[in-house]
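In what follows, a single structure is set out as structure tokens and then discussed.
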Ligand SMILES: Nc1ncnc2c1ncn2[C@@H]1O[C@H](COP(=O)(O)OP(=O)(O)OP(=O)(O)O)[C@@H](O)[C@H]1O
Ligand SMILES: [Mg+2]
């Protein structure tokens with residue numbers, strides 16, 4: 001079976017949107033465009049290198065200029081040596097005449113070798129620094145952008161391309177350096193050739209152009225192919241990841257999924273092989289054309305040299321030097337062109353990085369000077385509407401709720417009714433499309449979002465199992481507090497949530513690693529993890545606690561203890577509880593029932609039972625399960 005729609009589902013409008021963007025990028029990849037973009041490209045790589053390591057950059061440029069000058073001096077010295085050696089007279093005399101020039105040739109060569117060692121050393125410190133600058137910037141943005149951006153599939157898609165593009169930064173700088181070196185060498189060789197005979201210079205350039213054209217076309221072919229394969233590569237990566245992940249190992253075996261996944265992987269891999277073969281063929285074709293034309297031009301250059309020699313316009317020593325200069329110049333020009341085209345390709349990759357970082361920067365909420373109230377008495381949502389990016393389903397429509405300090409408020413309702421979405425709006429993670437969220441009388445629209453989140457302790461419906469120690473898993477929501485209050489400060493939160501019983505059984509207590517993916521890590525059961533997640537929110541000790549399905553995996557005793565704790569915490573803070581265990585919301589001070597993004601009922605347990613509405617139905621269904629069991 002290899003119907004992608006059947007396996008992966010139909011791709012929506014967003015994917016097409018992202019695609020169009022890539023297609024547009026492809027249109028911009030012509031050779032002429034490349035020439036136009038060159039100054040920008042060089043500027044970008046220079047500023048990157050400058051930011052990463054300015055001392056190294058200056059040293060590298062100095063080394064390369066010096067090496068180029070030595071090359072020119074070496075070539076001229078060759079001319080001197082040849083003139084001495086080919087002059088009339090006895091051999092010892094000729095040797096004597098050529099000696100100073102020969103010493104210069106050897107001296108220049110040795111020094112250049114030494115300089116290339118220094119250059120390699122400088123490069124090895126340079127590259128990793130640029131990698132760091134680019135990656136840190138990417139991750140900084142990835143952790144700072146609004147969480148809403150991550151609901152936008154196009155943004156996530158582009159993030160993946162940007163991650164690949166980040167490596168382009170280092171290569172781009174490397175390429176720019178190569179172009180620079182080659183330019184210095186070319187100027188050196190070109191000047192020597194120009195001194196020997198001016199006609200040789202344009203002929204040399206002509207012999208290189210076709211090669212350059214071929215390399216540019218090949219690079220474009222490879223890049224456009226890469227763009228068109230992104231989706232497939234991602235699927236392949238996703239399949240490989242699932243096949244080798246611990247989380248999926250049991251399901252793969254019990255469902256006998258291995259062969260199906262492997263077949264699918266192989267099919268994708270074969271498709272990619274075919275595509276790579278197509279690219280390889282195209283590149284070979286360009287290369288053949290380029291090299292044939294370049295070969296003819298090089299033939300013409302040497303023919304001119306012979307003619308000049310034959311007509312006595314150029315002495316033999318000069319002709320010998322010219323051959324060397326042509327070789328050097330051609331080598332340098334070739335390096336320059338291939339580095340330029342490589343730079344161009346890396347620039348295209350790096351453009352993905354740049355455009356994502358620019359977009360991500362715009363999605364970082366602007367810092368505002370107004371802070372959220374430190375200890376709000378009342379939080380009100382009025383008429384909030386929210387639709388997830390690029391979807392048609394309205395998750396919330398005109399919702400109004402009120403949460404007060406000293407109360408436990410509960411949200412109940414069926415799956416997909418909008419409870420978690422509303423919780424995220426209350427936590428300052430999502431901004432509603434319309435409507436307001438007020439803390440006391442302060443509208444969150446004008447408040448620094450970090451100050452809102454700082455006052456919220458969240459137990460999310462799907463929490464993270466951090467690959468860190470048990471202690472850190474509890475303290476991760478207030479790392480600053482751990483540093484200030486010491487390692488034992490996590491104990492009360494652990495005791496309150498029953499996480500201490502979990503930790504007591506671990507071989508190194510709070511210092512046990514819970515990174516099961518590494519050798520020494522220990523894993524916990526679902527409920528044990530959930531206790532840790534609850535302890536994390538309690539340790540955060542925020543004035544507003546949001547518990548979204550905090551007890552789904554807990555045993556009955558732990559669940560009861562948690563709801564008691566929530567009731568206790570609700571005495572002096574604002575507590576929001578989202579749960580499907582309706583027996584435990586009976587004690588809530590206010591219950592909101594959501595249905596398809598609308599608050600359909602609200603009141604206390606008794607009010608809602610008296611209404612005989614959705615709450616009554618849901619509650620009696622659950623209650624009956626216990627009664628029937630008697
Ligand atoms: N990240 C998302 N992107 C797009 N749509 C989403 C996203 N998360 C939720 N939705 C949609 O928004 C609606 C409300 O989802 P929400 O998670 O708020 O429901 P819920 O009441 O918390 O459900 P549950 O009881 O299953 O946790 C659903 O229709 C859901 O499909
Ligand atoms: Mg939910």
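Computed over the range 438-512, the P(r) curve from all C-alpha pair distances, binned at 10 Å from the origin, holds 16, 41, 26, 14, 4 percent per bin. With the highest mean first, a sort of the peptides 344-350, 490-496 on other beta-carbon atoms found within 10 angstrom per residue produces 344-350, 490-496. Applying D = kT/(6 pi eta Rh) to the chain, where Rh is the Kirkwood radius over alpha-carbon pairs, T corresponds to 25 °C and eta to 0.890 mPa s, the Stokes-Einstein value obtained is 80 µm²/s. Length gained on full extension, residue 123 to residue 233, computed as 0.36 nm times the residue gap minus the Cα-Cα distance: 36.5 nm.
Take the Cα of residue 586, go 7 Å toward its beta carbon, and the backbone nitrogen atoms of the range 552-580 under 15 Å from that spot belong to 560-561, 563-564.
Using the Cβ-Cβ distance between residue 191 and residue 323 with R0 = 22 Å, the FRET efficiency computed as 1/(1 + (r/R0)^6) comes to roughly 0.85.
Taking each residue as 0.36 nm, the span from residue 508 to residue 251 lengthens on full extension beyond its C-alpha to C-alpha distance by 89.4 nm. When only C-alpha pairs under 8 Å and at least 6 residues apart count, what is the relative contact order of the chain, in percent? Once normalised by length, the contact order is 14 percent. Helix 200-244 and the longest principal axis of the C-alpha atoms of the chain enclose an angle of approximately 20°. Relative contact order for the range 14-362: 31 percent, from Cα pairs under 8 Å spaced at least 6 residues apart, divided by residue count. Using a Förster radius of 51 Å, what is the FRET efficiency between residue 143 and residue 303 based on their Cβ-Cβ separation? Nearest 0.05, please. Plugging the Cβ-Cβ distance into 1/(1 + (r/R0)^6) gives 0.20.
Relative contact order of the range 362-479, taken over Cα pairs closer than 8 Å and 6 or more residues apart, is 32 percent.
FRET efficiency for the pair residue 284 and residue 260, taken as 1/(1 + (r/R0)^6) with r the Cβ-Cβ distance and R0 = 41 Å, rounds to 0.65.
Bear in mind that the values in this text are calculations on the coordinates, not laboratory data. Keep in mind that this is a model prediction, so the values were computed, not measured. Cβ coordinates were reconstructed from backbone atoms using ideal geometry, including for glycine residues, and neighbour counts include every protein chain displayed.
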